[in-house]
1. If r is the Cβ-Cβ distance from Asn184 to Asp227 and R0 is 35 Å, what FRET efficiency results, to the nearest 0.05?
2. When the chain is fully extended, how far beyond the present Cα-Cα distance does Asp130 get from Thr37, taking 0.36 nm per residue of separation?
3. Put a dot 7 Å past each Cα toward the Cβ at Asn264 and Lys51; how far apart are the dots in nm?
4. Only counting other Cβ atoms within 10 Å, I'd like Asp219, Asp305 sorted with the fewest neighbours first.
5. For the chain, rounded, prolate or oblate, judged on the Cα gyration tensor with a ≥ b ≥ c (square roots of eigenvalues), a/c < 1.5 rounded, else prolate if a/b > b/c?
6. Return the distance in nm (one decimal) between the two label points of a simple spin-label model at Glu235 and Glu76, each offset 7 Å from Cα along Cα→Cβ.
7. Residue by residue through the stretch 135-145, what is 3J(HN,Hα) from phi via Karplus (6.51 cos²θ - 1.76 cosθ + 1.60, θ = phi - 60°)? Round to whole Hz and write x for glycine and proline.
8. Quick one: Asp133, Asp239, fewest Cβ neighbours within 10 Å first, how do they rank?
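Every number in this text was worked out from the coordinates using simple rules, so none of it is lab data. From a predicted model like this one, the values you see are computed outputs, not experimental measurements. Cβ coordinates were reconstructed from backbone atoms using ideal geometry, including for glycine residues, and neighbour counts include every protein chain displayed.
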Amino acid sequence: MTPQQQGYHFPAEFAPQAATWLSWPHKEASWPGKIHTIYPYYSRFVKELAKGQQVNINVNDEVMKQFAVQQLQQAEVDLSKVTFYLHPTNDAWCRDHGPAFLINPNAKENPKVIVDWGYNAWGNKYPPFDLDDNIPTLIAKAYNIPVYYPGIVMEGGSVEFNGKGTIMTSTACLLNPNRNPHLNQQQIEQYLYDYYGAEQILWVDEGIVGDDTDGHIDDTVRFVNEDTVLTVVEENKNDENYALLQHNLKQLQSMRLLNGKQLNIVELPMPDEIVYEDQRLPASYANFYIANHAVIVPIFNSDKDDKALQIIQDCFPARKVVGIDSTDIIWGLGSFHCMSQQEPL
């Protein structure tokens with residue numbers, strides 16, 4: 001039986017969380033020449049998370065654990081809220097290689113299970129990825145809970161949930177032949193229904209320029225409640241993201257939820273273009289992480305930072321919005337949402 005048939009579903013990120021899972025960054029090739037610069041900002045991310053929930057961090061070995069502890073202590077993180085797991089990884093992008101936790105509050109034995117999707121580093125772009133691909137199963141073993149294996153590639157950053165049966169995703173990523181070339185759109189949707197407990201899939205087409213994941217939804221469209229999305233728009237008509245994001249916006253405007261409602265759409269500006277070593281980086285305010293008590297937002301020393309933070313704050317009146325400089329982290333082509341995966345209560 002599939003998880004859906006057994007009553008399981010993947011909750012929205014804004015639902016109560018037991019913990020946040022992270023994989024400590026250590027792959028220098030992801031931040032060539034700059035990895036040492038990201039640790040203060042990454043540690044501040046952990047510090048903010050630990051104010052409202054448990055933080056679980058995958059590390060390769062005791063040496064990496066001690067280095068992480070040293071960095072976190074320098075940032076004055078509450079280490080009583082941090083648990084380290086000796087789970088070796090290839091890279092830091094836990095949103096994509098981490099566990100997909102499903103819940104069924106009515107289950108007598110296992111109210112929480114893990115789905116271990118296949119992981120191929122965004123279409124075999126960055127081998128090796130064998131350690132990352134094994135992370136969900138290691139966590140399931142540590143928790144002694146059941147694990148399901150759909151047998152297809154799926155990344156956490158490619159799907160966005162409203163907690164009421166709807167998934168938002170992008171054709172640019174999920175239908176890319178470098179993921180599951182043997183499956184068509186209808187077949188992929190069936191996997192999403194079966195293994196996320198969904199009832200409706202909504203598709204936008206485009207991702208942002210510079211995104212090496214082929215268009216993850218967590219850089220463009222995010223649910224802030226069951227019927228409201230934040231979506232990024234580019235204000236400069238000469239920017240190469242302008243037409244792409246206008247196209248997505250038109251698609252969102254035509255969508256209906258399961259209850260027949262239109263989406264409430266809140267527009268979020270894109271930051272100023274960030275180019276490093278002639279490469280445009282996928283900087284987006286939409287790559288925020290919703291924690292129990294706060295929303296942690298990447299900012300980029302841009303004139304638009306304050307405006308973006310205020311728009312996000314207006315969407316989360318019960319949470320504190322915290323901006324953390326992501327100018328160095330984004331050189332790795334992702335930010336706080338890409339680095340984290342929530343574990344629901």
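1. About 0.75, to the nearest 0.05.
2. Using 0.36 nm per residue and subtracting the Cα-Cα distance, I get 30.8 nm.
3. Here the answer is 2.5 nm between the modelled labels.
4. On the way: Asp219 26, Asp305 19.
Listed from fewest to most nearby Cβ atoms, that is Asp305, Asp219.
5. Verdict is rounded for the chain.
6. The two pseudo-label positions are separated by 3.4 nm.
7. So the J values, rounded to whole Hz, are 4, x, 5, 4, 5, 4, 5, 4, 8, 6, 10.
8. Going from sparsest to densest Cβ surroundings: Asp239, Asp133.
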